[in-house]
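Colleague: Before I ask anything, here is the structure I am working with.
Please treat every number below as a calculation from the coordinates, not as lab data. Quantities reported herein were computed from a predicted structural model and do not represent experimental measurements. Every residue, glycine among them, receives a Cβ derived from its backbone with ideal geometry; neighbour counts consider all protein chains shown.
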Amino acid sequence: MSDARPGRRPRPTRAVTVVVIGAGQAGLAMSHYLGRAGIEHVLLERGEVGNAWRHERWESLRLLTPNWQCRLPGLRYAGPDPDGFMTMPQVVDFLRDYARRLSAPVQAGTTVRSVRQADDGYRVITERSEWRCRAVVIASGAFNLPVVPPLAKALPASVDQLTARDYRHPGQLAPGGVLVVGASASGLQLADELQRAGHAVTLSVGEHVRLPRRYRGRDIQWWLDAAGIHDQRFDEVDDIGRARRLPSPQLAGGDAPATLDLNALSARGVRLVGRLVGLHETRLQFSGSLSAHCAAADLKLGRLLDTLDAWARTRGLDGCLEPPQRFPPTRLPDAPCLGLDLADGGIRTVLWATGYRPDYRWLQVPVLDRKGQLRHHGGVVDAPGLYVLGLPFLRRRKSSFIHGVDDDARELCDHLAAWLARGQRQRARARHGTILDGPSNKAEDSPIAHCHLDA
């Protein structure tokens, strides 16, 4: 089907072996390995390198991972503050400098309009040009579109609304009370910032993951790395779907990072309520499950710390670490709040920190499930020559972190290179009269799909 329109100049067509969509940490890591393998490729970026970090985060945000953990293939943090936490401008500089070192073939300001299968690969159409390629790597991220519940449309016009992607600083908000919906990392950090800025904050809490910032004298990320938890693979988990849906842990970075949990917020005056479940006229309705969600998070935290203590003990590390400790259970309100009337003026703004989802509206290939998620096996998508990189728990529990994309990019590049080589051999044999089946894109076709890292 032609995209030509009357009076419109046809888009120029270019050929390349691989198109990578996105030039954040995932796209750049894949570019490193494609370049090392000698595979011709281009990165199509809708904005500029690190675009989401640059334009879609609030001003005070810090990474949840310490600087010593910030690394990409061939580059590690080498600054003066390894135990600090990067600001957003610092993250952007880190990615931009990495792209320059790579001489990454980034086409900035290039928005992909559609990706379609073609006779010998894919047809990638942008507003500028058309690309023909053998393979496509989707590295556009998992946090493109804020998830906002349908009841948001029914809120009174007197109540302002914004999402965590739109929020920049407390000065954006009108004076008055704020309801923050969502108690993962973003929700907790925003509730804390707004309460400190003088707003009366109510926090709606659902399922969450509670973690201390430091444990036994070490950052919690050190423990998760050293004990091999970050390296747990997708094919080692009983329910990978649930593992990929887990909320981000309640953590925050900063100049003097401390544990940020529900106890810390309630001590500062933040009111805790249950999960937002409905709206009747002007009255918001909250679930009575606050105590159950908090008890579950407390229980899982205790089990994790037991696991970490056992790991340290078996490796003889108890003598060089602080003694084990356990944290107080989450303090609950004396009386649960099951509803708030927006008509009384107590809530002036609702801030949705209810998560994100990928944006695949441009993907014209039948690889999405009924929930709009890509069908893939560790990043190998259910279509020949189509891959995805940078999603939560893609191949490992650390996949969505900056430092976690390295191993995934290396393995998927190996798979992609093997797939290209098979296709080339098959086409060569076909030219000599041998008829073969088309190349497969199943993850099990490559031995890398079943390799395991040592913990």
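Colleague: Taking every DSSP beta bridge that has both residues in the chain, what percent is antiparallel when rounded to the nearest 5? Walk me through the numbers before you get to the answer.
Modeller: Working: 29 of 63 bridges.
Expressed as a percentage, antiparallel bridges in the chain total about 45.
Colleague: Rounded to the nearest 10 degrees, what's the angle between the helix 405-431 long axis and the longest principal axis of the chain, both from Cα atoms, 0 to 90?
Modeller: The angle comes out at about 20 degrees.
Colleague: Something else: Please list 402-410, 193-201 highest first by mean number of surrounding beta-carbon atoms within 10 Å per residue. Could you put the intermediate results ahead of the total?
Modeller: Working: 402-410: 23.3, 193-201: 17.9.
Listed from highest to lowest mean packing, they are 402-410, 193-201.
Colleague: To continue, here is another question. Take every Cα pair under 8 Å in the chain that's 6+ residues apart, average their separations, divide by the length, and report that relative contact order as a whole percent. The partial results should precede the final answer.
Modeller: On the way: 834 pairs, mean separation 92.2, N = 455.
Relative contact order of the chain: 20 percent.
Colleague: What FRET efficiency do you get for Asp344 and Gln107 if R0 is 41 Å and r is their Cβ-Cβ distance, rounded to the nearest 0.05? Please report the intermediate quantities before stating the final value.
Modeller: Numbers: r = 53 Å, r/R0 = 1.28.
Computed FRET efficiency for Asp344 and Gln107 comes out at 0.20.
Colleague: Find the relative contact order for the range 148-355 and round it to a whole percent, using C-alpha pairs within less than 8 Å whose residues are 6+ positions apart. Don't skip to the answer; put the middle values down first.
Modeller: Numbers: 324 pairs, mean separation 74.3, N = 208.
With pairs under 8 Å counted, the relative contact order is 36 percent.
Colleague: I would also like to ask the following. Mind listing the phi-derived Karplus ³J(HN,Hα) values for the range 359-371, rounded to whole Hz, using 6.51, -1.76 and 1.60 with θ = phi - 60°, and x for any glycine or proline?
Modeller: 10, 10, 5, 8, 8, 9, 10, x, 10, 9, 7, 5, 9
Colleague: Let me ask something additional. What trypsin sites (Lys or Arg not before Pro) does the range 223-272 have in DSSP loop regions with at most 16 other beta carbons within 10 Å? Working shown, then result.
Modeller: Numbers: sites: Arg233, Arg242, Arg244, Arg245, Arg268, Arg271; in loops: Arg268.
Sites meeting the loop and neighbour criteria: Arg268.
Colleague: Continuing with the same structure: Based on other C-beta atoms within 10 Å, arrange Met30, Met88 from fewest to most.
Modeller: Placing the least packed residue first, the sequence is Met88, Met30.
Colleague: Cut-off 14 Å, label point 7 angstrom out along Cα-to-Cβ of Ser60: give me the residues of the range 161-204 whose amide nitrogen falls inside.
Modeller: Residues 167-173, 186-201 qualify, since their backbone N sits under 14 Å from the label point.
Colleague: I've got another one for you. Would you please state the base-10 log of I(q)/I(0) at q = 0.06, 0.07 1/Å for the chain, with intensities from the Debye formula using one equal scatterer on every alpha carbon?
Modeller: Relative scattering, expressed as log10 I(q)/I(0), comes to -0.30, -0.41.
Colleague: State the antiparallel share, in %, of DSSP beta bridges confined to the range 148-355, rounding to the nearest 5. Intermediate results must be reported in sequence, preceding the final value.
Modeller: Numbers: 9 of 26 bridges.
About 35 percent, rounded to the nearest 5.
Colleague: Multiplying the sequence separation of Ala267 and Leu151 by 0.36 nm and subtracting their Cα-Cα distance, what value in nm do you get? Please report the intermediate quantities before stating the final value.
Modeller: Details: separation 116, 0.36 × 116 = 41.76 nm, distance 3.02 nm.
Here the answer is 38.7 nm.
Colleague: So how much slack lies between Ala174 and Ser129, counting 0.36 nm per residue of separation and subtracting their Cα-Cα distance, in nm? List each step's numbers first, then the result.
Modeller: Numbers: separation 45, 0.36 × 45 = 16.20 nm, distance 4.38 nm.
Gain on extension, Ala174 to Ser129, equals 11.8 nm.
Colleague: I need the shape label for the range 148-355. Rule: rounded when a/c is under 1.5, else prolate if a/b > b/c, else oblate, with a, b, c from the alpha carbon gyration tensor. Walk me through the numbers before you get to the answer.
Modeller: Values: a/c = 2.19, a/b = 1.91, b/c = 1.14.
Cα axes put the range 148-355 in the prolate bin.
Colleague: Hey, can you grab everything whose amide H is under 5 Å from the amide H of Gln161? Only 5+ residues off in sequence or another chain; H modelled, so Pro and N-termini drop out.
Modeller: Val350
Colleague: Next question, about the same structure. Please give, to one decimal in nm, the separation of the simple spin-label points placed at Thr282 and Arg361, each 7 Å out from Cα toward the Cβ.
Modeller: 3.4
Colleague: Further question on the same structure: I need the peptides 45-51, 110-116 ranked by packing, meaning the mean over residues of other C-beta atoms within 10 angstrom, with the highest value on top.
Modeller: Working: 45-51: 20.4, 110-116: 17.4.
Top of the packing list down: 45-51, 110-116.
Colleague: Hey, can you rank 145-151, 98-104 by average C-beta count inside 10 Å, highest first?
Modeller: 98-104, 145-151
Colleague: What order do you get for Lys153, Lys398, Lys300 when you list them from fewest to most C-beta neighbours inside 10 Å? Please report the intermediate quantities before stating the final value.
Modeller: Numbers: Lys153 9, Lys398 25, Lys300 14.
So the residues, fewest neighbours to most, are Lys153, Lys300, Lys398.
Colleague: Full extension from Leu317 to Ala428: what is 0.36 nm times the residue separation minus their Cα-Cα distance, to one decimal in nm?
Modeller: Values: separation 111, 0.36 × 111 = 39.96 nm, distance 5.75 nm.
The span from Leu317 to Ala428 would gain 34.2 nm if fully extended.
Colleague: In nm, to one decimal, how far is the modelled label at Glu40 from the one at Gln117, with both set 7 Å along Cα→Cβ?
Modeller: 2.5
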